[in-house]
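Each value in this text was obtained by applying a stated rule to the coordinates, not by laboratory testing. Treat the numbers as computed from the prediction; the structure is a model and nothing was measured. Quick reminder, even Gly has a Cβ in these numbers, built from the backbone with ideal geometry, and neighbours come from all protein chains shown.
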Amino acid sequence: MTKIIKDLRTFKFSKRKLDKVSYSDSDKDIVYHDTDSYGLKLRVTKNQKTFYFIRKLNGK
């Protein structure tokens, strides 16, 4: 079962800010959104940080 997202946060992604992002002691994932690139997200889990990008292509 997928974990519930704890918090949605938005800021301009930069290496310095992303290095400071860490996992809290809760059992839920945290998703961060980039203000410059719509669709770019960072999911922080207990074991890893994962970037993903969601974009429509030709309206699909």
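Using alpha-carbon pairs under 8 Å, 6+ residues apart, how would you state the relative contact order of the chain in percent?
Relative contact order here is 28 percent.
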Task: Built amide H within the under 5 Å cut-off of Phe13, gap 5+ - done: Thr35, Asp36
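Which value in deg cm²/dmol, rounded to the nearest 500, describes the helix-derived mean residue ellipticity at 222 nm for the chain, given -39,500 (n - 2.57) per DSSP H run of n ≥ 4 and division by the residue count? Intermediate values should be presented prior to the final figure.
Numbers: 1 runs with 6 residues, N = 60.
It comes out at -2500 deg cm²/dmol, rounded to the nearest 500.
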Open item on the list: Compute, for the chain, the length of the dipole vector about the Cα centre, with Cβ point charges of +1 (Lys, Arg) and -1 (Asp, Glu) only. Units Debye, rounded to 20.
Closed with: 200 debye
TODO: Set Lys and Arg Cβ to +1 and Asp and Glu Cβ to -1, take the dipole of the chain about its Cα centre, and tell me which of Ser26, Leu57, Thr45 lies farthest positive.
DONE: Leu57
Task: Long-range HN-HN contacts of Asp29 with modeled amide H, under 5 Å - done: Ile4, Lys6
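If you take the Cα Rg of the chain and divide it by 2.2 N^0.38 Å, with N the number of residues, what do you get? Write down the numbers at each step before the final one.
Values: Rg = 12.5 Å, N = 60, 2.2 N^0.38 = 10.4 Å.
Taking N as the residue count of the chain, the ratio is 1.20.
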